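The values are calculated or read from the model by the stated rules, or taken from the named source; none is laboratory data. From a predicted model like this one, the values you see are computed outputs, not experimental measurements. Here the Cβ is made from the backbone with ideal geometry for all residues, glycine too, and neighbour counts use every protein chain on show. Please note that ligands, DNA and RNA were not included when accessible areas were found on the heavy atoms of the full protein model with its side chains. Shrake-Rupley method; radii C 1.70, N 1.55, O 1.52, S 1.80 Å.
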Amino acid sequence: MERLTNKEEEIMHILWKLEKAFVKDILAEYKDNKPHYNTLSTMVRNLEDKGYVSHEAFGKTHRYFPIVKKENYRKNFINTAIDNYFNSSYKNVVSFFAKEEKISVEELKDIIRLIEEQK
């Protein structure tokens with residue numbers, strides 16, 4: 001699965017939310033820093049070339065929809081980040097968040113409970 005740019009990820013989040021959308025519908029979801037219509041259209045077509053999006057044709061216009069599920073992308077993204085930044089160690093991930101004070105003792109206990117329940 002090819003890594004997406006931040007802008008492409010932003011478009012994918014909109015498509016995952018809308019499920020099916022024309023470029024004008026995607027554009028309407030932007031609050032700030034709206035891209036130009038043609039720029040957005042090009043980025044959506046690039047997502048199609050990368051295999052993330054497909055379309056239905058309605059005359060000369062296309063309605064786009066995601067073909068990669070958000071859960072699949074998230075799993076790939078997290079696994080790649082853990083491999084690249086934490087030496088493929090989930091212990092290193094948890095240690096990082098603990099050191100940065102981004103995870104509480106209670107959250108750690110909840111994680112341990114979840115792991116124990118899986119056995």
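Ignoring ligands, DNA and RNA, what accessible area per residue does the chain give at 1.4 Å, in Å²?
Values: 8820 Å² over 119 residues.
Normalised by residue count, the accessible surface of the chain is 74 Å².
Kindly provide the GluC sites (Glu not before Pro) of the stretch 1-72 that DSSP labels as loop, not H, G, I, E or B, and whose Cβ sees at most 15 other Cβ atoms within 10 Å. Spell out each step's value before the answer.
Values: sites: 2, 8, 9, 10, 19, 29, 48, 56, 71; in loops: 2, 19, 29.
Loop-located and lightly packed - 2, 19, 29.
Pairs of Cα atoms under 8 Å, at least six residues apart: use those to get the relative contact order of the stretch 1-70, whole percent. Could the numbers behind the result be given before it?
Details: 69 pairs, mean separation 26.0, N = 70.
Averaging sequence separation for qualifying contacts and normalising by length gives 37 percent for the stretch 1-70.
Among [x] 55, 32, 24; [y] 43, 37, 20; [z] 62, 22, 19, only one was calculated for this model; which label is it, if the read-out is Cα extents along the principal axes in Å?
[x]
Nearest 10 degrees is fine. How inclined is helix 70-85 to the longest principal axis of the chain, computing both from alpha carbons?
Roughly 50 degrees between the two axes.
If I compute solvent accessible area with a 1.4 Å probe over the protein chains, what percent of it on the chain is carbon and sulfur?
On the way: 4500 of 8820 Å².
Using a 1.4 Å probe with all protein chains present, the chain comes out at 51 percent carbon and sulfur.
Tell me what the chain gives for mean residue ellipticity at 222 nm when only DSSP H runs of n ≥ 4 count, each as -39,500 (n - 2.57), the sum divided by the residue total, rounded to 500 deg cm²/dmol.
Working: 6 runs with 72 residues, N = 119.
My calculation for the chain gives -19000 deg cm²/dmol from helical runs alone.
In terms of solvent-accessible area of protein heavy atoms at a 1.4 angstrom probe, what is the ranking of 45, 74, highest value first?
On the way: 45 100, 74 125 Å².
Correct descending sequence by accessible area is 74, 45.
Over the chain, calculate the relative contact order: mean separation of alpha carbon pairs under 8 Å at least 6 apart, over the residue count, as a percent. Intermediate results must be reported in sequence, preceding the final value.
Values: 81 pairs, mean separation 24.8, N = 119.
Over the chain, the number comes to 21 percent.
List, in the order given, every pair from 69/119; 24/50; 24/69; 20/70 whose Cα-Cα distance in the structure shown is over 25 Å. If you can, show how the numbers build up before the last one.
Values: 69/119 28 Å; 24/50 21 Å; 24/69 22 Å; 20/70 14 Å.
Long pairs (Cα-Cα over 25 Å): 69/119.
Among 13, 36, 62, what's the order by accessible area (1.4 angstrom probe), most exposed first? If you can, show how the numbers build up before the last one.
Numbers: 13 85, 36 115, 62 60 Å².
I get 36, 13, 62, largest accessible area first.
Tell me the accessible surface of residue 24 in square angstrom (1.4 angstrom probe, heavy atoms of protein chains only), to the nearest ten.
In the full protein context, residue 24 sits at about 130 Å².
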